[in-house]
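Chemist: Sharing a structure, written as structure tokens. Questions coming.
The values are calculated or read from the model by the stated rules, or taken from the named source; none is laboratory data. The structure displayed is predicted, hence computed values, not measured ones. Reconstructed Cβ throughout: ideal geometry from the backbone, glycine too, with neighbour counts over all protein chains shown. For accessibility, only protein heavy atoms count, side chains too; no ligands or nucleic acids. Shrake-Rupley method; radii C 1.70, N 1.55, O 1.52, S 1.80 Å.
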Amino acid sequence: PPFSLSLSLFLSCQTHCLDKQYCTRRRIGCFMVIMGIEKPAWLEALYTQKFFVGCWYHETAKKNEKNVCCLDCCISICPHCIPSHRFHRLLQVRRYVYHDVVRLEDVQKLIDCSNVQAYTINSAKVVFIKKRPQNRQFKGAGNYCTSCDRSLQDPFIHCSLGCKVDFVVKHYKDLTPFLRTCNTLTLLEIKPTPSII
């Protein structure tokens, strides 16, 4: 089954990458089948991995907070892990109002983010990764998220990448037309640091 294949590739890739060798498995393009819909494994990892927690592999190192998602291994990593993933597609995760966000410029290389409301932090446009439901007494005039009913600015209809994916899966039953081919994705601000492995 596709899920067990993805899981075995993920586990072997994770061990392989920690050995600091180039990962040839990234070209396969692992997909996970969730409720009958194929989603890229990196997208599921972006939703499920924990960010802004200490890296167990570099637990004694300073600045070991996991704030990068390796899209090829489908894991969250810290800056000390970067040398082991230097040939992989890396996506930096940031925090904004206690939620995980990614730069719009980076994530647009992977998936169509049209109609997702973006916010500006440190002069960069970012989008939220996960849904951000909002409790509201009544629905007034204006735009609301198609998935979680959060109030949005015009012309946006999705408050996060997760809400857009849910909308596409529900209405089109296929995420493929919204995915983009991206063979390289490098970090701009985080410099690789030597690590003792």
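Chemist: Which percent of the accessible area of the range 48-118 is formed by carbon and sulfur heavy atoms (probe 1.4 angstrom)?
Modeler: 49
Chemist: Which order do you get for Ser147, Ser76 if you rank them by accessible area with a 1.4 Å probe, largest at the top?
Modeler: On the way: Ser147 45, Ser76 10 Å².
From most accessible down to least: Ser147, Ser76.
Chemist: May I pose another question? On full extension of the chain, what length is gained from Tyr98 through Leu187, given 0.36 nm per residue of separation minus the C-alpha to C-alpha distance? Before the final figure, lay out the partial values.
Modeler: Numbers: separation 89, 0.36 × 89 = 32.04 nm, distance 2.20 nm.
Working it through step by step, the gained length comes to 29.8 nm.
Chemist: How far apart, in nm, are the 7 Å Cα→Cβ label points at Trp56 and Ser114?
Modeler: 4.2
Chemist: Excluding ligands, DNA and RNA, what is the solvent-accessible area per residue of the range 28-178 at a probe of 1.4 Å, expressed in Å²?
Modeler: On the way: 7670 Å² over 151 residues.
Heavy-atom accessible area per residue stands at 51 Å².
Chemist: Tell me the Rg and the Dmax, in Å, that the Cα atoms of the range 28-178 produce.
Modeler: Radius of gyration, then largest Cα-Cα span, for the range 28-178: 16.4, 52 Å.
Chemist: Further, regarding this structure: Which value in nm describes the separation of the simple spin-label points at Lys170 and Ser123, placed 7 Å from the Cα toward the beta carbon?
Modeler: Result for the modelled spin labels: 3.9 nm.
Chemist: So, one more: So which of Lys62/Lys109; Lys62/Lys164; Lys66/Lys164; Lys63/Lys164; Lys63/Lys170; Lys39/Lys131 end up more than 29 Å apart by C-alpha?
Modeler: Working: Lys62/Lys109 31 Å; Lys62/Lys164 36 Å; Lys66/Lys164 25 Å; Lys63/Lys164 33 Å; Lys63/Lys170 40 Å; Lys39/Lys131 17 Å.
Those over the limit are Lys62/Lys109; Lys62/Lys164; Lys63/Lys164; Lys63/Lys170.
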